[in-house]
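Laboratory data are not the source of any read-out in this text; all were calculated from the coordinates shown. Just so you know, these numbers come straight off a predicted model, no measurement behind them. Please note: Cβ atoms are built from the backbone with ideal geometry, for glycine as well, and neighbour counts cover all protein chains shown.
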Amino acid sequence: MNNSKIALENLEESEDTHVAFLQKQQGELAQIVEAINRVESNEDWQKLKKLVLDGVVANLERQLLKEAAEKEVDTAEIYRIQGQLFWARKYVDLKKLSDMYRHQVENLKNQIKHETSPRDGAL
């Protein structure tokens, strides 16, 4: 009985499942990018962004500066505002969000390419 052959078969099976998992993630992220791009180009999103979201980041930055200028600094409040500011900066600009997910898709493509390429370097 050749145990090395069994070990190689198990390794190949685990690589196949890993590649399948990466491909599934890549597909889901690609769908997210497409959905974000459709939402961003939607006229209703543009109205909502203009009327509601454009001032959110500026407002949070003002709150943060005001809280930091207080004589008695409430660190919990500063951390709360910082968290909201991070969230707002990330999700208000859909182009940046789409680019972030697109970058993740590219990373997954590279991982899949690396996983499926021959180990000995032959192409």
Summed over the other residues with a beta carbon less than 13 angstrom from that of Glu106, with K and R at +1 and D and E at -1, the charge totals +2
Note on the stretch 3-115: C-alpha Rg/Rh, Kirkwood Rh, two decimals, gives 1.24
